[in-house]
Every structure is written in structure tokens, then in C-alpha cells.
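The values are calculated or read from the model by the stated rules, or taken from the named source; none is laboratory data. Owing to the predicted nature of the structure, the values given are computational and were not obtained by experimental measurement. Positions of Cβ are backbone-derived with ideal geometry, glycine not excepted, and every protein chain shown enters the neighbour counts. Side chains included, ligands, DNA and RNA excluded: accessible areas come from the protein's heavy atoms. Shrake-Rupley method; radii C 1.70, N 1.55, O 1.52, S 1.80 Å.
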Amino acid sequence: MMADAVVVINAGAGTGYDAAWAAALRDKFAQAGLAAEVTLAHTGEEAVQAARDAVGRGIGIVVAGGGDGTQNAIAAVLVDTSTALGVLPLGTLNHFAKDLNIPLTLEDAVATIAHGRRQAVDVGEVNGRIFLNNSSLGLYPDIVRERVRQQRLRGRGKWPAFFWASLSALRRYPFLSLRLHVHGDEHARRTPFVFIGNNAYTMQGLNIGVRERLDGGCLSLYVAQRPTRLGLVRLACHALLGRLERVPDFDVLVAEDLTIHSRRKLLRVATDGEVTLLAPPLTYRSRPGALTVIVPRQER
């Protein structure tokens, strides 16, 4: 008997994800009316392969259990297929789940997968790599790289490592010299960071970093030109106070596609928190409706 869903859990991201936990999760799906196979993936490669196998077998739902990086890895396999993505938000931030109003508790997330509705959402792409939330250059990829190094070499937890990595990146404070091609125009920028979102982000007020929709068919570009360290702090304060539009030399652009040129042979690029080296030019595009996700049913 074919399973209704294959559930891929990032077993390397938390504690307690063992055979007994997987069996209990399988029972939760059964109680919700879905026959589920549960796979504990200890590496990203195992998670991706499990998703590919499920698609090849014609499974209608592949569930990604983990944080935004896990959602990204599984979603990349499901793009442009008839298989829907189910989301079990087991990560720390869970931006993708929150923006789709998917419940964060395990039981409610399972119920959503079993009884929710299918919705086509956009994904972003850069040089063939998919992102669900955002991509960035500059400070953030450097912070992620240093955080991983701190965790591996010094044995620090994720958040302490992130703190020390941020201090290290701000101390170096490298700038990127880039040429941005958007809407047929070229913009030369020297900046410590570039942020590209899958659809538009709220960049001010208490809802900063939230997206109202994931089906607008666009990318959003945010870049500050030549800010000092103090200027970066001021930029954050303006955003929190809802005054970002008053900040000089801060660009906010919306486009279906854009290209970033650099004289560097390779650039560190973050996509949903995962950092890779990519050769410029970086070609970004929105892929409207390329991914089907199971979301909560709308209240009547």
C-alpha cells in the first residue's frame, strides 16, 4: 500500500529524533488520517535523496521537518512537480512557515498537512539555486561562515557562536563593489550587504522581516550604500521606528529579475541561511507559482 506522504526529518538539527520519536510521529499522522513514511535524515544529502525517491514513486506529499534550510533543500526537489510540500516547522526561526500562517506546534502542523489546502507559491532562484525566503551577499554570509567555524572549533552553541561571529564580521566590515542591473538600468554600489527577498518584505515597524504574500511574482532588493558601522545601527533603528523611507542611500527595488556583477571571481552567497560560493554574474529571477505548499484552510 502506497503511503499518502513521505516525511523527511532533519535528524541532525535537534535532539530526541530517534526511532521511537519517528514512530510516535507516524502515529500522529495516522490519527489525522494520513498514512506516512517517516525518514530520519542525518545529512542534507540523505534528505534530498529521500525527497527525490518519493517524487519518483509518485508520492503526493513530501513533508520537510526542520528549519528553513531543510524546507529549502526539500522544496528544491519539488519545484515544478505535482508533489506538494508539507511543512513541519522544527527549526529555530521558521520564517517560511510563519509567512504562510502554518502552525508552529507539531500537532497543529500535522493537522494542517492532513486537512489543509494546496497553494501555489513563488520561489526565488540565483544561478540555479532555489530560495524560499531570501538570498544575501556581504555581511550575513560572512557571519554564517564564522558561526559554523565557532561551533565546530570552539564547541559553542548556535546563538553564542552567532554573537561572536557577528562581532568578528563587524570588526572586519568588508565592502562589496557591485553593479546591479535592474529594469534595464545599471546601479553601481559599494556596500557591506545586499538582501534579495522572494517577494516583498515589510522593512519597517514591528512586522519587519515579514511577507504579506508569497505569490506576487517578484523579488525585492534592499541595499545600503557605504554605511559606517554606526550608520548600520542607525539604519536598524530607523527600520524599527518605521522611518526607513527617510534613510538616504538605502535602495528598495522590486523586480521580476535582476543581475549582480562583480570583479571578484567568486562571491559568498547565502540562500535561506546556507552559504555557497558562486561565480558572478549572479542572475536572480522569480519563479511564480513553481512550488505547491499545503497551508491552513481559510476561515469562512
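In the chain, what is the volume of the convex hull around the alpha carbon atoms, normalised per residue and reported in Å³?
On the way: hull volume 42.8 nm³, N = 300.
It comes to 143 Å³ per residue, whole-number rounded.
So with the 1.4 Å probe, I'd like the accessible area per residue for the stretch 1-115, rounded to whole Å². Kindly include the intermediate steps, with their values, before the conclusion.
Working: 4890 Å² over 115 residues.
About 43 Å² of surface per residue is accessible.
If we count every other residue with Cβ under 14 angstrom of I294's Cβ, Lys/Arg +1 and Asp/Glu -1, where does the sum land? Before the final figure, lay out each step's value.
Numbers: positive: R117, R118, R297; negative: D4, D108.
The answer is +1.
Gain in length, A24 to W164, computed as 0.36 nm per residue apart minus the alpha-carbon separation, to one decimal in nm? Write out the running numbers ahead of the final one.
On the way: separation 140, 0.36 × 140 = 50.40 nm, distance 3.78 nm.
The A24-W164 span can extend by a further 46.6 nm.
Report in % the part of the accessible area of the chain that belongs to carbon and sulfur, leaving out ligands and nucleic acids; probe 1.4 Å.
Details: 7590 of 14900 Å².
On the chain, the fraction of accessible area on carbon and sulfur atoms equals 51 percent.
Could you give the angle, 0 to 90 degrees to the nearest 10, between helix 106-115's Cα long axis and the longest principal axis of the Cα atoms of the chain?
70 degrees
Taking the 0 to 90 degree range and rounding to the nearest ten, how far is the long axis of helix 68-78 tilted relative to the main principal axis of the chain, both from C-alpha atoms?
70 degrees
Antiparallel versus total DSSP beta bridges in the chain: what percent is that, nearest 5? Walk me through the numbers on the way to the answer.
Numbers: 51 of 69 bridges.
Percentage antiparallel, nearest 5: 75.
D4: net charge of surrounding residues, Cβ under 15 Å, Lys/Arg +1, Asp/Glu -1, itself excluded? Numbers along the way, then the final one.
Numbers: positive: R26, K28, R57, R118; negative: D27, E37.
Summing Lys and Arg as +1 and Asp and Glu as -1 gives +2.
Taking K28 as the anchor, which lysines have their alpha carbon closer than 30 Å to its alpha carbon, excluding any fewer than eight residues away along the same chain?
List returned: K98, K158.
At a probe size of 1.4 Å, how large is the accessible area of E186, to the nearest 10 Å²?
The accessible area of E186 comes to roughly 100 Å².
How big, in percent, is the set of alpha carbon pairs in the stretch 1-114 lying more than 16 Å apart? All intermediate terms of the calculation are to be shown ahead of the outcome.
Values: 3449 of 6441 pairs.
Summing the P(r) of the stretch 1-114 above 16 Å gives 54 percent of all pairs.
Return the long-range amide H neighbours of C218 (sequence gap of 5 or more, or a different chain), with a cut-off of under 5 Å between placed amide H atoms.
Excluding prolines and chain starts, which carry no amide H, the hits are N199.
Specify the angular offset, from 0 to 90 degrees and rounded to the nearest 10, of the alpha carbon long axis of helix 229-240 from the longest principal axis of the alpha carbons in the chain.
On a 0 to 90 degree scale, this one is about 50.
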